[in-house]
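Below: the structure, in structure tokens.
The values are calculated or read from the model by the stated rules, or taken from the named source; none is laboratory data. Only a predicted model underlies this, so the values are computations on that prediction, with no experimental measurement involved. For neighbour counting, all protein chains shown are included, and Cβ atoms are generated from backbone atoms with ideal geometry for every residue, glycine included.
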Amino acid sequence: MLKVKVRNIEGSHGPVKNQFEIETDEGRYFQSYRSIIAFFPVNGGKVVLDRKTWNYSITTGRYRNIFLDETKKETEGKIKSGEYELGDLN
């Protein structure tokens with residue numbers, strides 16, 4: 001049976017509505033509203049960002065940065081270098 005834990009992302013004033021971290025046996029997902037934005041695998045594989053939604057809005061970006069623990073500029077650099085890949089997560 002697949003184990004899944006869901007929690008709200010923590011902002012400066014506590015848990016944030018509609019921003020979720022989903023933990024599974026495969027890794028951790030970041031979901032903003034109804035869209036999966038990013039996947040961080042547990043096996044040390046590449047981080048995958050959804051090609052259509054990873055940079056959808058300022059709000060999504062703010063919590064994506066918290067999830068990845070980096071800035072947008074750092075994320076863009078990792079996409080460009082191939083450290084992160086863009087895929088279809090939705």
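Among the numbered criteria (1) surrounded by 12 or more Cβ atoms within 10 Å (Cβ to Cβ); (2) in contact with a strand residue (DSSP E or B) (Cβ under 6 Å, 6 or more places away or on another chain), which one does residue 52 miss?
Checking residue 52 against (1) surrounded by 12 or more Cβ atoms within 10 Å (Cβ to Cβ); (2) in contact with a strand residue (DSSP E or B) (Cβ under 6 Å, 6 or more places away or on another chain), the one that fails is (2).
How many residues does the range 46-87 contain that are touching a Gly at 6+ places or on another chain (Cβ under 8 Å) and either of a type in the set (Gly, Ala, Ser) or under 17 Å from residue 22 (Cβ atoms) (or both)?
Number of matching residues: 5.
Given the conditions (1) at pLDDT 95 or above; (2) on the phi < 0 side of the Ramachandran plot, which single one is not true for residue 82?
Residue 82 satisfies every listed condition except (2).
I'm checking my understanding of the structure. Among residues of the range 41-65 that are at pLDDT 95 or above and among the hydrophobic types (A, V, I, L, M, F, W, C), which one is farthest from residue 26 (Cα to Cα)?
For the range 41-65, the residue satisfying everything is 54.
Identify the residue in the range 1-34 that is of a type in the set (S, T, N, Q) and in contact with a Gly (Cβ under 9 Å, 6 or more places away or on another chain) and, among all such residues, is surrounded by the most Cβ atoms within 10 Å (Cβ to Cβ). Reasoning before the result, please.
To start, the set of residues in the range 1-34 that are of a type in the set (S, T, N, Q) comprises 8, 12, 18-19, 24, 31-32.
Then drop every residue that is not in contact with a Gly (Cβ under 9 Å, 6 or more places away or on another chain), which leaves 8, 19.
Working: 8: 14, 19: 23.
Here the answer is 19.
Looking only at strands (runs of 3 or more DSSP E) that fall completely inside the chain, which ones have 1 or more residues that are of a type in the set (Val, Ile, Thr)? Quick ask: steps written out before the conclusion?
Values: elements: 4-11, 14-24, 27-32, 35-41, 47-50, 84-87.
Filter on the chain gives 4-11, 14-24, 35-41, 47-50.
Please determine, by comparing only the residues of the range 1-60 that are of a type in the set (Asp, Glu) and over 16 Å from residue 90 (Cα atoms), which one is nearest to the chain's Cα centre (by Cα).
Narrowing the range 1-60 to residues of a type in the set (Asp, Glu): 10, 21, 23, 25-26, 50.
In the following step, the residues that additionally are over 16 Å from residue 90 (Cα atoms) were identified as 10, 23, 25-26.
Numbers: 10: 13, 23: 11, 25: 16, 26: 14 Å.
Once the filter is applied, the top-ranked residue is 23.
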